[in-house]
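Engineer: Right, I'll just put the structure down here and ask away after.
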Amino acid sequence: MMPHASPFDWSASPVAQQIAHLRDLSPEAFREAIAGYDWALDPEPVLGWAMAQRGIDLCTALAVFFNGDPGRFNYMPKAHVPAQYRGVARVLDNICLRVNSGFYLIYPGETPRHQARLSTWLGYQQADRAEGRRGRWMLDERILAPMLQDDLRLPREMAPAGKPRPSLWRDLLSPIIGLGVDRDILKYKDPL
């Protein structure tokens with residue numbers, strides 16, 4: 001179901017208009033629109049284009065991935081996917097490849113919208129590995145770990161006054177700026 005905040009009629013608009021509409025949205029509205037995109041419409045051209053754009057975060061990418069219901073084709077050989085769903089499978093392929101390559105950045109403090117589905121998916125992946133099986137879409141736990149185990153992130157309510165808000169750039173540059181993890185963050189970390 002598409003978000004109700006937009007008067008744009010996705011089902012009555014051709015692909016070019018859908019992409020033009022997405023181009024006109026603010027980054028936040030863009031992420032909301034693709035996370036709620038109806039995969040029964042035109043996922044290959046629209047989501048194929050949208051998911052290749054810079055600025056898509058990992059949480060949004062996972063929301064789009066799970067909105068496409070990847071479980072229905074995960075154990076089906078590519079040649080057996082019905083013709084009308086091959087575009088859907090290709091979009092899911094591309095999202096998975098981009099997730100596993102680190103294309104989608106992790107925004108500090110964000111958690112996946114589909115946390116339960118992600119946990120279940122990762123549990124199935126572990127069970128498959130233990131049984132010597134493999135699904136079509138294997139999400140790399142090493143790429144997801146910083147998002148799932150956000151244990152150095154200081155909760156917003158405990159952030160010291162006068163400090164800059166957490167940001168991706170600050171996290172990436174913190175080794176250069178402060179030669180490691182900020183001491184204010186470490187003082188709130190539980191001792192081992």
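Engineer: Counting only Cα atoms, I'd like the Rg/Rh figure for the range 89-152, Kirkwood definition for Rh.
Structural biologist: 0.97
Engineer: Based on the Kirkwood radius over alpha-carbon pairs, what value in µm²/s does the Stokes-Einstein equation return for the translational diffusion coefficient of the range 21-70 at 4 °C and 1.567 mPa s?
Structural biologist: Using the Kirkwood radius from Cα pairs, D works out to 120 µm²/s.
Engineer: Hey, any idea what Rg/Rh is for the range 1-135, computing Rh the Kirkwood way over Cα pairs?
Structural biologist: Rg/Rh for the range 1-135 comes to 0.97.
Engineer: Could you bin all the Cα-Cα distances of the range 73-114 into 10 Å bins starting at 0 and give me the percent of pairs in each, rounded to whole numbers?
Structural biologist: P(r) for the range 73-114, in whole percents per bin: 24, 41, 26, 10, 0.
Engineer: At 1.4 Å probe size, with the rest of the protein present, what percent of the exposed accessible area of the range 1-133 is carbon and sulfur atoms?
Structural biologist: Carbon and sulfur atoms account for 55 percent of the accessible area of the range 1-133.
The values are calculated or read from the model by the stated rules, or taken from the named source; none is laboratory data. What you are looking at is a predicted structure, and each value in this text was computed from that prediction instead of being measured. Heavy atoms of the whole protein, side chains included, go into the accessibility calculation; ligands, DNA and RNA do not. Shrake-Rupley method; radii C 1.70, N 1.55, O 1.52, S 1.80 Å.
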